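Could you have a look at this structure, given as structure tokens, before my questions?
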Amino acid sequence: MEVNNYNGALQKPLGSGFNGKSTATEVIKGIDLSGKIAIVTGGNTGIGLETTKVLAAAGATVIVPARDTEKAKQNLAGINNVELEEMDLIDPKSIDAFASKFIKSGRPLHLLINNAGIMWVPLRRDSRGVESQLATNYLGQFQLVTRLWPALKMANGARVINVSSQGHQFSSFDFDDPNFRHREYETLKAYGQSKTASNLFTVELDIRSRAFNVRAYSLHPGSIYGTELGREASPELFKKMGFINEDGNIPPEIMVSLKTIPQGAATTVWCATTPMLNNIGGVYCEDTDIATLATGAPGLGDGVMPYSLNKENAKRLWTLSEEMTGLQFLVG
């Protein structure tokens with residue numbers, strides 16, 4: 001019988017031996033990535049930078065596409081086995097140019113880590129009129145995987161890691177109005193929708209690509225202290241979420257729950273490298289293991305919402321993504 005993660009059928013922790021406090025260096029211990037090639041979007045800041053460092057230290061060649069190459073060059077200084085390229089995920093032409101250059105190099109791609117994203121920004125649209133969080137956090141992933149598919153297939157053992165978020169619990173995917181043309185813009189809902197899309201894409205991609213030895217995973221890295229991700233969010237929004245108090249400070253109970261950057265990169269690195277996932281894919285992970293299905297109402301609890309793994313929605317989103325990007329992703 002064919003096994004897949006439609007509707008969360010495989011969302012059962014494996015007992016990885018790690019937890020939310022584990023670091024990326026700890027989870028990759030003993031794994032040799034010599035001869036492997038990885039692409040890490042947003043691999044020059046935050047948990048992306050930590051992911052780049054850890055993969056490179058394990059022997060992988062890591063390509064980091066970045067929007068601001070000067071800033072990235074400074075952040076990546078001194079790290080061996082790293083190649084810096086230019087790419088802006090909200091610009092389809094930029095994605096095509098980056099992917100085309102990589103494909104022309106003739107190299108296989110063993111790890112594609114879709115780490116880059118934006119969060120809680122004001123209403124903006126890309127050149128196609130797509131809401132910016134959906135464009136950057138999801139459609140950019142879809143286009144990049146589509147364009148890099150020949151190299152992923154060539155690897156004969158590749159993984160696609162889509163960094164999602166617990167924030168997918170803010171919203172299901174609105175197929176009637178994904179770009180907020182007919183409803184009031186709420187940045188939390190836009191963010192949640194983009195992350196739900198990433199989860200749905202992961203489920204469907206894994207099913208379509210596993211015959212070519214390409215597996216896909218999505219994950220929540222955790223709430224992390226010290227990243228730039230929420231730089232555009234207002235203090236009022238952070239207060240509403242309970243992340244800061246009226247004095248503008250992080251409450252002690254919140255601070256103690258936050259992960260460090262090395263801890264925040266752990267689940268990404270685990271999904272990318274653990275042998276425990278060799279024969280399973282399409283799952284959503286958190287705290288360096290497969291997450292459970294969320295059973296409560298949408299909020300900010302543990303686990304993954306069933307709507308973000310729904311079979312019909314996963315198939316429907318694939319078709320919509322082809323329409324929105326103008327690309328046909330024929331896995332074959």
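The values are calculated or read from the model by the stated rules, or taken from the named source; none is laboratory data. These figures come from a predicted structure and were not determined experimentally. Quick reminder, even Gly has a Cβ in these numbers, built from the backbone with ideal geometry, and neighbours come from all protein chains shown. The area values use the complete protein model at the heavy-atom level, side chains included, leaving out ligands, DNA and RNA. Shrake-Rupley method; radii C 1.70, N 1.55, O 1.52, S 1.80 Å.
Return the long-range amide H neighbours of T292 (sequence gap of 5 or more, or a different chain), with a cut-off of under 5 Å between placed amide H atoms.
Under 5 Å from the amide H of T292 lie the amide H atoms of G303, V304, each far enough along the sequence or on another chain.
Quick check: the distance between the Cα centres of region 147-189 and region 201-220, to the nearest angstrom?
13
Taking H as built 1.01 Å from N, whose amide H comes closer than 5 Å to the amide H of A216, not counting residues under 5 places away?
Hits under the 5 Å cutoff: V160, D206, G282.
Another question, if that's okay. Connecting C-alpha atoms closer than 10 Å in a GNM of the chain, tell me which of S105, S198, S164 has the biggest fluctuation.
Among S105, S198, S164, the largest GNM mean-square fluctuation belongs to S105.
Which of K104/K195; K71/K101; K12/K36 have a Cα-Cα distance over 26 Å?
K104/K195; K12/K36
Something else: Over the chain, what is the relative contact order in whole percent, taking alpha-carbon pairs under 8 Å and six or more residues apart?
Values: 676 pairs, mean separation 80.7, N = 332.
Here the relative contact order equals 24 percent.
Of F175, F102, which has the most accessible area with a 1.4 Å probe, and how do the rest follow in descending order? Can you show the working numbers first?
Values: F175 35, F102 10 Å².
Ranking F175, F102 by accessible area, largest first, yields F175, F102.
How would S308, S34 rank on accessible area, largest to smallest, probe 1.4 Å? Let's see the in-between values first.
Numbers: S308 0, S34 75 Å².
Per-residue accessible area, sorted high to low, gives S34, S308.
Can I ask one more? Using θ = phi - 60° and the Karplus curve 6.51 cos²θ - 1.76 cosθ + 1.60, what whole-Hz ³J(HN,Hα) does each residue of region 318-323 get, with Gly and Pro shown as x?
Per-residue couplings from phi come out as 4, 5, 5, 5, 4, 5 Hz.
Kirkwood hydrodynamic radius of region 101-223 from all distinct Cα pairs, in Å?
On the way: mean 1/r = 0.0667 Å⁻¹.
Radius from the Kirkwood sum: 15.0 Å.
At 0.36 nm per residue, and after removing the present C-alpha to C-alpha distance, how many nm does the segment from L14 to E186 gain when stretched out fully? Intermediate results must be reported in sequence, preceding the final value.
On the way: separation 172, 0.36 × 172 = 61.92 nm, distance 3.61 nm.
Here the segment from L14 to E186 would lengthen by 58.3 nm.
For region 132-147, take each phi angle, set θ = phi - 60°, evaluate the Karplus expression 6.51 cos²θ - 1.76 cosθ + 1.60, and give the result in whole Hz per residue in order, putting x for glycine and proline.
5, 6, 5, 5, 7, 7, 10, 4, x, 4, 4, 5, 5, 5, 4, 6
Could I ask something else about it? What figure, in Å² to the nearest 10, do you get for the accessible area of R159 with a 1.4 Å probe and non-protein molecules left out?
It works out to around 20 Å².
Modelled label-to-label distance, S105 and Q328, 7 Å Cα→beta-carbon offset: nm?
Taking the simple label geometry, S105 and Q328 are separated by 2.9 nm.
Another one. Taking the Cα-to-Cβ direction at N279 and at L258 and moving 7 Å from each Cα, how far apart do the two end points lie in nm?
4.2
I would also like to ask the following. Work out how much length E83 to D174 would gain on full extension: take 0.36 nm times their residue separation and subtract the Cα-Cα distance, in nm to one decimal. All intermediate terms of the calculation are to be shown ahead of the outcome.
Numbers: separation 91, 0.36 × 91 = 32.76 nm, distance 3.76 nm.
29.0 nm is the gain from fully extending E83 to D174.
For region 252-332, what ratio Rg/Rh do Cα atoms give with a Kirkwood hydrodynamic radius? Intermediate results must be reported in sequence, preceding the final value.
Details: Rg = 16.4 Å, Rh = 15.6 Å.
Here Rg/Rh amounts to 1.05.
Also: Describe numerically, in nm with one decimal, the distance between label points set 7 Å from Cα along Cα→Cβ at R125 and at L293.
It works out to 3.8 nm between the two label points.
Kindly write out, for region 206-214 in residue order, the coupling ³J(HN,Hα) from the Karplus curve 6.51 cos²θ - 1.76 cosθ + 1.60 (θ = phi - 60°), rounded to whole Hz, with x marking Gly and Pro.
4, 5, 6, 9, 5, 5, 9, 6, 10
Okay, next question. Compute the accessible area per residue over the chain, keeping the other protein chains in place, probe 1.4 Å, unit Å². Don't skip to the answer; put the middle values down first.
Values: 13990 Å² over 332 residues.
Accessible surface, normalised per residue, equals 42 Å².
On each of the three principal axes of the Cα atoms of the chain, give max minus min coordinate, whole Å, ordered largest first.
The Cα atoms of the chain stretch 53, 46, 40 Å along the principal axes, largest first.
Anyone know which of T273, T319, T146 comes out most mobile in the 10 Å Cα GNM of the chain?
So, out of T273, T319, T146, the one fluctuating most is T319.
Given the rule -39500 (n - 2.57) for each run of at least 4 DSSP H residues, summed and divided by the residues of the chain, what is its mean residue ellipticity at 222 nm, to the nearest 500 deg cm²/dmol? The partial results should precede the final answer.
Values: 11 runs with 112 residues, N = 332.
Taking each H run of at least 4 residues, the total per residue is -10000 deg cm²/dmol.
Grab every C-alpha pair in region 1-159, bin the distances at 10 angstrom width from 0 up to the longest one, and report whole percents.
10, 34, 36, 19, 2, 0
Which percent of the accessible heavy-atom area of the chain goes to carbon and sulfur, probe 1.4 angstrom? Don't skip to the end; give the middle numbers.
Numbers: 6960 of 13990 Å².
Looking at the chain in its full context, I get 50 percent from C and S.
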